[in-house]
Every structure is written in C-alpha cells, then in structure tokens.
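A.B. asks: Sharing a structure, written as structure tokens. Questions coming.
The values are calculated or read from the model by the stated rules, or taken from the named source; none is laboratory data. Quick caveat: nothing in here was measured; it's all calculated off a predicted structure. FYI the Cβ positions are ideal-geometry reconstructions off the backbone, even for glycines, and counts take in every protein chain you see.
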Amino acid sequence: MDRRVERTKRNIYLAFFELMKKKAMDDITITELAAAADIDRRTFYKHYSTVIDVYEEFMRQMQEQLIAYLEACDRGDRFDFEQFFSLLEEMLGSQRDFFEKLSKDKASMFLRYDCKDALENALKQYYRGRFPGTPAESDMYVRILAYTITGLGSDFLTDKHDLSFSDFFSLATPSLEKLWVPRTN
C-alpha cells in the first residue's frame, strides 16, 4: 500500500477513535471525521463510503492481527498465554480509551460483542480442521474461550484495581492453560 494512503487511513482511524471517546459511532458524521483527520470529504470518499466502513475495516484488521497472534503463541503442546496477552496489550496501545469505552458504555455494548466475534472468528480459523473434537464441540469451545478472554479484558478495563495488565492476566493464565486445547496436526 502506498505510504500516503497508509498515512491517510491511519489519520482517519486515529480521528475515529478520538471521536468515539466522545460520542456514539452512529452520531459521527463524515464531515467531522474528515475534519478531525485533517482531510477533506473527497479524500475520505476515496477510501470509504461511510463511517461504518472505517469501523468494519478496523475490525477485519483486528481479526487478522488476532490470527497472527494465535499462530505466534502456539508452542505445539501448549499455548504461550503470557506472550499472547503481551501482544494484546500492545494492540490496546493507542486505542486503549476506545476499548475502555466499549467496556463501560452500555450504548457501545454491540461493539464489545464485535470484538468478541473477531476473537471467536480468529480462533475458528486457528483451529480450522485441527480441533480434536466434532465441529459442534469446536464451535462451542472457541465461543467459550472468546467470551472468557474478552470478558477478562473488559473486566480489566472497568475494574478499579492496582494491577498492571500483565499482572492481571498472569493471574488468569493458570485457569486458561487448563482450559486450552492444543490443535491436532
């Protein structure tokens, strides 16, 4: 991708996340998003048709990133949750306020479910044809795992505690390791 296009899209994302801190996605207009990204509407329309398109592209990219994280943390007979949570913390990075809003704001609850669905779909792809059970068992397993991990993440972002992200997930790791099912070859 052209560096100018990458920079423009990054600016649109950053502006989108900043606006999401202040208002619901349905209330964000293309005019204000373009202004916040320091581009004109015509430039916005070169890349997207709607504000929802920005969000959907972000979700697709997040799912692709999650698949890469799952692959990177697979150790064959075990899964490296410490590395996985470290990568998730990196992903939160500059969008932490956005994810906090998802966790706290009841009006944004559908966005939280979209994040859970992105992880669930990444897990389905990760296990595709390599889960040691029936397809129905695989679907249920990845659903439980996705709800557990996103629920823990949401709890971390909304609970008042003195734990760092890594300390919080270090406490969760032993239970998740017991739950983890290695892929078959």
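A.B. asks: So which residues in the range 128-185 are among the aromatic types (Phe, Trp, Tyr) and outside any loop (DSSP other than H, G, I, E, B)?
C.D. replies: TYR141, TYR147, PHE156, PHE165, PHE168, PHE169
A.B. asks: Then there's this: Would a scan of the range 152-160 turn up a residue that is surrounded by fewer than 17 Cβ atoms within 10 Å (Cβ to Cβ), at pLDDT below 90 and either basic (Lys, Arg) or under 12 Å from the mean Cα position of the chain (by Cα) (or both)?
C.D. replies: yes
A.B. asks: Take the range 1-36 and flag every residue that is over 19 Å from the mean Cα position of the chain (by Cα), within 16 Å of LEU111 (Cα to Cα) and outside any helix (DSSP H, G or I).
C.D. replies: The answer is LYS23, ILE28.
A.B. asks: From the list GLY93, GLY129, which one is surrounded by fewer than 13 Cβ atoms within 10 Å (Cβ to Cβ) and under 12 Å from the mean Cα position of the chain (by Cα)?
C.D. replies: On inspection, the qualifying residue turns out to be GLY93.
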